Amino acid sequence: MKNIVSKSILGLSLIASLISCKKSDSPLTKVTPSNLDSIAANYYEQYLKLYPLEATSQGDLRYNDQLPITIDKDFISGEVAFYHSVQKQLENVDYKSLSDEKKVVYDVLDYTLKDKIEAYAYHPEYIPFTQFGGLPLTFPLYGSGEGSQPFKTEKDYSDWLKRMEKFPEWMNAATDNFREGINSKVVLPKKLVVKMIPQMRAEEITSADPDKNIFYGPINNFPKDFTKEQKERLSASYKEVITKKIIPAYTQMGDFLEKEYLPKARDTDGYNSLPNGKEIYQFYVKSWTTTNQSPQAINKTGQQQVAMLRAEMEKVKQQVGFTGTLEEFISFVKTDPKAMPYTSSEEVMGAFNGILAKITPKLKTMFSVTPKTKFEIRQTEKFREASASAEYIQGTPDGKRPGIFYVPLPDPAKFNVTSGMESLFLHEAIPGHHYQVSLQQENTKLPKFMRFGWFGAYGEGWAHYCETLGPEFGLYTDPYQKMGYLSDQMLRAVRLVVDTGLHTGTMKREEAIKYFLSNISYDEAGATAEVERYMAMPGQALGYKIGSLRIRELREKYQKELGKKFSLAKFHDEVLSQGCLPLDVLNRKMELWAKKQK
């Protein structure tokens, strides 16, 4: 799933510090919340003002013309002061008097604030973006006319013009931050920087040709009701900004990365080689897994999981009568015709709908509460399916847009079920992301920061756990589908070994790629991209398996403790009832639930 990311009494000193921001005045306002509900509501209202692109992504259009320089020092100091002020408000709340549900709200807000404040202690702004993520990569998606930035009215077009006007300021701040990182010896690996340079020079964002540059999308597709005068005026304005601000900003960043940053970038792969790298990586592990597990403990878990899954793959290998090594079998299934049984996109889509039909009767025994949001399976649009992955795009809380499971099928005859078909559906669609995200968004009892919040260890952990429900749904009976499931499980297990290995210095990039390929049916380019993703985002890839294992552990614990009083449907309902949670908060929540079942 595309990641869903979510990040008071404001004292006079805080107001002063915020208003003194050099790059942009603070959008925050002075409000005095009186209880937990109002503290939580005000926190998120102010947070959306700080991060208006997130508001846009959620369909909140109030700040669609704003692009604050969120990586600027003054902005960050004001933001951290704001988080401290909310912490002070929480200190005045009587925790013991709160209901169990409100205690969870308190715990999540408290955790969120501490995590955000601690993150800035390690200066993430020194690496403002990477080859894998950051505003320069997402900004064109907003401006394409195909993303969450709306282009329906003249105001919509004017709003985006204002954002484009501000973009060079953001890029200038990013350049300053990269330079500060050089001075502090906190820099990216050379192997990643060489991938970023062509991204900044890509034809889609630097071409002067309106038919090639993605930023011309909105004026190439005006709404039908726009007048000729509106179109001409907006076209001229867009051309002016694109040619004089957007293209130069990307071009200058590409030149800076090549000529100034690349020579100063590091030859090492992991964060262990940076000043305080051990502490920084430990923080990222804690932040992404929402646990206090050490990198060493996670690495050990990963190795155990890999060994267990290899043993299961050996059984599948024997079942299909393959006589070579496991590595040869992993490579063989990529081209085995039996793993590619389809000839048309209609057949593949029919097979996915068949999975839904097969699991639907059993869903009632596993869930008492199900989403109101409708669900659809669609083939990914032709214009983007060549580079797209299967994905789930959440619906809207008002029910106007369904949750959609997209499947790219550029060549249906090459659709390989060992890449994970049944397990993919359980993860991305039902009961994975569709149930979890829809129930969270539909729950109006939750404060907004939780309704639209996201913790990867929980959100991806839940979806990954749902893959393990396949046998209970009557899936994975075909050996190739079983291999697909095991491959999906293996990918997340390998991540535990590789991510921790890279960033503690026990594994180099080349060793990580070799280890990856020996366990997972990827080509070298795919394996390299995965490993470099872990290099760019330390700790991020750990949450899937850690979250899945935690939910499975809780299930087995309470099945044993409660015996006949254990209801799987009630367990699942409770896990999902308050949306994404840090895993240690989930532990406390489920412990309280279990006491009530006895």
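The values are calculated or read from the model by the stated rules, or taken from the named source; none is laboratory data. Here the structure is a predicted model, which means the values were calculated and not measured. All Cβ positions, glycine included, derive from the backbone under ideal geometry; neighbour counts span all protein chains shown. These area figures cover heavy atoms from the full protein model, side chains too; ligands, DNA and RNA do not enter into them. Shrake-Rupley method; radii C 1.70, N 1.55, O 1.52, S 1.80 Å.
Yes or no: V407 within 27 Å of Y111 (Cα to Cα), β-branched (V, I, T) and either under 21 Å from the mean Cα position of the chain (by Cα) or at pLDDT 95 or above (or both)? No: the conditions fail for V407. Which members of the range 208-218 meet the condition of being among the small types (G, A, S) and either surrounded by fewer than 16 Cβ atoms within 10 Å (Cβ to Cβ) or in contact with a His (Cβ under 8 Å, 6 or more places away or on another chain) (or both)? Listed by number, the list holds a single entry, A208. Residues in the range 314-323 that are in a helix (DSSP H, G or I) and touching a helix residue (DSSP H, G or I) at 6+ places or on another chain (Cβ under 8 Å) were compared, and the one that is least open to solvent (accessible area, probe 1.4 Å) is V316.
Only one of the numbered conditions (1) over 19 Å from the mean Cα position of the chain (by Cα); (2) more than 22 Å from E467 (Cα to Cα); (3) assigned to a helix (DSSP H, G or I); (4) not aliphatic (A, V, I, L, M) is not met by D573, and that is (2). Every condition in (1) under 30 Å from the mean Cα position of the chain (by Cα); (2) loosely packed, with under 14 Cβ neighbours inside 10 Å; (3) hydrophobic (A, V, I, L, M, F, W, C) is met by A311 except one, and the failing one is (1).
Scanning the range 223-272 for residues that are hydrophobic (A, V, I, L, M, F, W, C), buried (at least 17 other Cβ atoms within 10 Å of the Cβ) and within 31 Å of the chain's Cα centre (by Cα) returns V241, I242, I246, I247, A249, M253, F256, L257, A265. Pairing residues of the range 36-56 that are of a type in the set (K, R) with residues that are open to solvent by 10 Å² or more (accessible area, probe 1.4 Å), at Cβ distances under 9 Å and at least 6 apart in sequence or on separate chains, gives K49/S26; K49/P27; K49/L28; K49/T29; K49/R62; K49/Y63; K49/Q66; K49/P68. Can you spot a residue in the range 267-275 that is within 21 Å of R495 (Cα to Cα) and of a type in the set (G, A, S)? The answer is yes, given that some residue of the range 267-275 is within 21 Å of R495 (Cα to Cα) and of a type in the set (G, A, S). Given the criteria outside any helix (DSSP H, G or I) and either surrounded by fewer than 22 Cβ atoms within 10 Å (Cβ to Cβ) or touching a Gly at 6+ places or on another chain (Cβ under 7 Å) (or both), does T418 qualify? Criteria not met by T418. Scanning the range 75-106 for residues that are under 21 Å from M450 (Cα atoms) and open to solvent by less than 20 Å² (accessible area, probe 1.4 Å) gives E79, F82, Y83, S85, V86, Q89, L90, V104, V105. For beta carbons closer than 7 Å, sequence separation of 6+ or different chains, a first residue in the range 499-523 that is closer than 16 Å to A541 by Cα and a second that is at pLDDT below 95 and outside any helix (DSSP H, G or I), the qualifying pairs are F516/Y522.
Residues checked against (1) under 17 Å from G134 (Cβ atoms); (2) surrounded by fewer than 21 Cβ atoms within 10 Å (Cβ to Cβ); (3) more than 26 Å from the chain's Cα centre (by Cα); (4) small (G, A, S):
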position: M171; (1), (2), (3), (4): yes, no, no, no
position: I182; (1), (2), (3), (4): no, yes, yes, no
position: V186; (1), (2), (3), (4): yes, no, no, no
position: K190; (1), (2), (3), (4): no, yes, no, no
position: N220; (1), (2), (3), (4): no, yes, yes, no
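Residues that are part of a loop (DSSP other than H, G, I, E, B) and open to solvent by 10 Å² or more (accessible area, probe 1.4 Å) within the range 421-469 comprise I430, N443, T444, K445, L446, P447, F452, W454, F455, T468, listed in sequence order. Residues in the range 177-206 that are over 21 Å from H503 (Cα atoms), among the hydrophobic types (A, V, I, L, M, F, W, C) and part of a helix (DSSP H, G or I): 3 in all. Taking each residue of the range 486-497 that is more than 8 Å from I520 (Cα to Cα) and looking for partners that are open to solvent by less than 10 Å² (accessible area, probe 1.4 Å) and of a type in the set (S, T, N, Q) with beta-carbon atoms closer than 6 Å, six or more apart or interchain, yields D488/S423; V494/N519.
Could you please find all residues in the range 503-521 being open to solvent by 20 Å² or more (accessible area, probe 1.4 Å) and either touching a helix residue (DSSP H, G or I) at 6+ places or on another chain (Cβ under 7 Å) or under 25 Å from E279 (Cα atoms) (or both)? Across the range 503-521, the qualifying residues are T504, G505, T506, M507, K508, R509, E510, E511, Y515, L517, S518, S521. Give the residue, chosen from L363, L326, L356, that is modelled with pLDDT of 95 or more, of a type outside the set (S, T, Y) and closer than 27 Å to L517 by Cβ. Answer to the check: L326.
Within the bounds of the range 151-161, is there any residue that is in a helix (DSSP H, G or I) and closer than 29 Å to R509 by Cβ?
no
Which one is least open to solvent (accessible area, probe 1.4 Å), of the residues in the range 50-74 that are assigned to a helix (DSSP H, G or I) and among the hydroxyl-bearing types (S, T, Y)? Looking at the filtered set, the residue picked out is T56. The sole residue among E125, E146 that is within 30 Å of A525 (Cα to Cα) and buried (at least 20 other Cβ atoms within 10 Å of the Cβ) is E125.
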